[in-house]
Structures are given as structure tokens and as C-alpha cells.
Amino acid sequence: MAVRLIRFVAEEATHWGIVKGDEVTALEGVYATTGEVLERGAAEWRDGLDRPPTHQLSAVTVVSPATTPCRVICQGANYRQHAIESGMDPDNRAFNLFFDKTDASVAGPFDPVTRPDHVRLLDYEIELGLVIGATIDRPVTLTDDDLPRYVAALTIGNDISARDVQLPQGQYFKGKSYRGFCPLGPELLVLEEDDYALLDDLTLELRVNDEVRQLDSTSNFLYRPAETLSELSTFCNLSPGDVVLTGTPHGTAAKSPHPLIRRLATALLVVPHRVV
């Protein structure tokens, strides 16, 4: 059974704990980072399933399960329908689209998001996060059977985006990295070996004021986790506790304009003209 871990604040101290219903059992060990709790804490959080609770979940403050510093790597348009709404042909994708967010953007799951004064077009993007469990410092070729070695846990993220920075400026890095633009959690779902098969059949749902805006299944991934991590390893080092956000489903607020409009906009950008 997958273990549900949270990182929380209680009695003016930060703890890791196991969630069981509406109760939490705090771990006794001291784990300063997500990497440490994944690498050194396994015996304790497995044994802790049988220990009595120490806190009520409603009485603690849940913070991000990903500690910083860390890397947050993202995939773009990795769901079939989202690729279509982004103006791409999912059956003729030439490449897996990667970008990253700064770890300054990492926030807790219930933290308020502050919109920078110059930003007007905020957007939401629910994403499944793969939490890395082993160092990747060289090219590796992974299959699904290798995932338990390299992916220790899952979490949920919101890749908040300032579209009026990202799109007209072409600034993915800046438009997606303002402070607080990457709420993660609340839980770190530590997987058992039998759980990895579920990576192909998870449902993601995002609601805004109780209205469903995004709903899709990971069965519609264009690039699956083993393939993605294999390619990432050719140009990126990853460490335990780093997070790979695997793309967002369709239904974001920003939609790609009609291809003709995009071509006209491109022409206006590249053809010299003057105002008279």
C-alpha cells in the first residue's frame, strides 16, 4: 500500500508525517530535505503505519512536500487534447517539450498566490509530479521496469503561469517562475512496486470555484515517464527530491489562436512596416 507522507508545521517545528484518514503520525527522525526522507526514512514510515496518531490533520499547517533547493522540470503539451488546443498535431510531434521553473516558485498546497503587479493574465495547470528517488548524473535508458528505482513518489502541482509574460515575450522560465507559482502537494505518495502500473491510468481534475476546468487521464500522455526521464538524463542531472511535472490536461484558460491568426501575427513580427 502506498504511504501518504506530508510535511507540516506544528508546535513551531516542521515535521514529516504519515497521513491516515484525518490523522497524522509524526515521524521521529529528523529529515531536513525531501531527498533525505526518501533515502533514509523508509524503515520509519513503513513501521509508522502501525503507530498511533500524534496530530489531527486539521490542526497542523501543511507545507510543500518538496523542499528547496531542488529542480522543477516541466513538460509542455504532453496530453493529446492539450496539444491540439495548443495548436499542435499530437500524431506528428517532433520533440518532447521541456522547460523549468525556479525553486523560488515552490509553495505549499494551501498558500495564497500573489499576482505580481504587472501581471494580468494568470492561468492554472494541474500536473502530476514525479518525485525523483535516485541520482541521475549520466545518460540512462529507462523502461517501465526501471521506474521504481528512479521515481520514489508522486505529488500534485499547479504550474501557475503569467501568460502575458510567457507568450508575448517567449519567456517560459520567467512567466512560470514568479514566487508562489508552483504550489505542490499536499501529499507525497510513496509508491510500492505494484503501484507503478497505475501511472498509465490516473485521473487529474482541476476545479475553479467548484467548476471543473480540467479533467483527463494519464493514459493520454504523449511521452510516458520512462521515455521522458531517459531523454532528460541526456542533458540534465536530477537528485532525490527533485520534481518532474509531466504536463497539464486540456482546459487551461489560455487557448491557442487559430493557425491563420498565428501565421498573421508571425508575419507582422518579421515583416518591416512603418506607421504613417
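The values are calculated or read from the model by the stated rules, or taken from the named source; none is laboratory data. This structure is a prediction, so every number in the text was calculated from the model and none was measured. All Cβ positions, glycine included, derive from the backbone under ideal geometry; neighbour counts span all protein chains shown.
When the stretch 219-248 is examined, which residues are found to be of a type in the set (A, V, I, L, M) and over 9 Å from ARG71 (Cβ atoms)?
Passing the criteria: LEU222, ALA226, LEU229, LEU232, LEU245.
For residues in the stretch 201-227 being without any contact (Cβ under 8 Å) to a residue 60 or more places away in the chain and either outside any loop (DSSP other than H, G, I, E, B) or not assigned by TED's automatic domain parsing to the domain that holds ASN92 (or both), which is farthest from the chain's Cα centre (by Cα)?
So, considering only residues that are without any contact (Cβ under 8 Å) to a residue 60 or more places away in the chain and either outside any loop (DSSP other than H, G, I, E, B) or not assigned by TED's automatic domain parsing to the domain that holds ASN92 (or both), the one farthest from the chain's Cα centre (by Cα) is GLU211.
Quick one: what pairs do we get from the stretch 228-242, first residue touching a residue at least 40 places away in the same chain (Cβ under 8 Å) and surrounded by fewer than 22 Cβ atoms within 10 Å (Cβ to Cβ), second β-branched (Val, Ile, Thr) and assigned to a loop (DSSP other than H, G, I, E, B), C-beta under 6 Å, 6+ apart or different chains?
Here the result reads SER230/THR141; SER233/VAL140; SER239/THR135, each pair linking the stretch 228-242 to a residue that is β-branched (Val, Ile, Thr) and assigned to a loop (DSSP other than H, G, I, E, B).
Tell me, yes or no, whether the stretch 6-29 has at least one residue that is surrounded by fewer than 18 Cβ atoms within 10 Å (Cβ to Cβ), more than 21 Å from the chain's Cα centre (by Cα) and among the hydroxyl-bearing types (Ser, Thr, Tyr).
yes
Working only within the stretch 86-110, note down all residues that are surrounded by 17 or more Cβ atoms within 10 Å (Cβ to Cβ) and farther than 24 Å from LEU229 by Cβ.
Result: ALA107, GLY108, PRO109.
Among THR141, THR67, which is the only one that is out of contact with any strand residue (DSSP E or B) (no Cβ under 7 Å at 6 or more places or on another chain) and farther than 15 Å from LEU188 by Cβ?
Just one listed residue meets the conditions, THR141.
Can you work out which of the residues in the stretch 207-227 that are among the polar types (S, T, N, Q), in contact with a strand residue (DSSP E or B) (Cβ under 7 Å, 6 or more places away or on another chain) and under 21 Å from ASN92 (Cα atoms) is surrounded by the most Cβ atoms within 10 Å (Cβ to Cβ)?
THR218
Of all residues in the stretch 173-197, which are of a type outside the set (D, E, K, R), assigned to a helix (DSSP H, G or I) and out of contact with any Lys or Arg (no Cβ under 9 Å at 6 or more places or on another chain)?
TYR196, ALA197
For the stretch 143-163, name all the residues that are touching a residue at least 60 places away in the same chain (Cβ under 8 Å), within 23 Å of THR34 (Cα to Cα) and not in a strand (DSSP E or B).
ASP146, LEU147, TYR150, ASP159
Residue under question is ILE136, and the condition is that it be crowded, with 16+ Cβ neighbours inside 10 Å, over 17 Å from the mean Cα position of the chain (by Cα) and at pLDDT 95 or above; does it hold?
Here the answer is yes, as ILE136 does meet what is asked.
Just for the stretch 243-255: of the residues that are under 15 Å from the mean Cα position of the chain (by Cα) and farther than 15 Å from VAL140 by Cβ, which one is surrounded by the fewest Cβ atoms within 10 Å (Cβ to Cβ)?
Residue satisfying both the conditions and the ranking: THR246.
Kindly indicate the residue of the stretch 18-54 that is out of contact with any helix residue (DSSP H, G or I) (no Cβ under 6 Å at 6 or more places or on another chain) and among the polar types (S, T, N, Q) and also nearest to ALA152 (Cα to Cα) among those meeting that condition.
Of everything passing the filter in the stretch 18-54, THR34 is nearest to ALA152 (Cα to Cα).
Restricting the stretch 140-189 to residues that are small (Gly, Ala, Ser) and surrounded by fewer than 20 Cβ atoms within 10 Å (Cβ to Cβ), which is nearest to LEU122 (Cα to Cα)?
GLY180
Is it true that LEU121 is buried (at least 17 other Cβ atoms within 10 Å of the Cβ) and touching a helix residue (DSSP H, G or I) at 6+ places or on another chain (Cβ under 7 Å)?
no
State all residues of the stretch 166-224 that are of a type in the set (Gly, Ala, Ser) and within 19 Å of ALA83 (Cα to Cα); if no residue qualifies, say none.
GLY170, SER217, SER219
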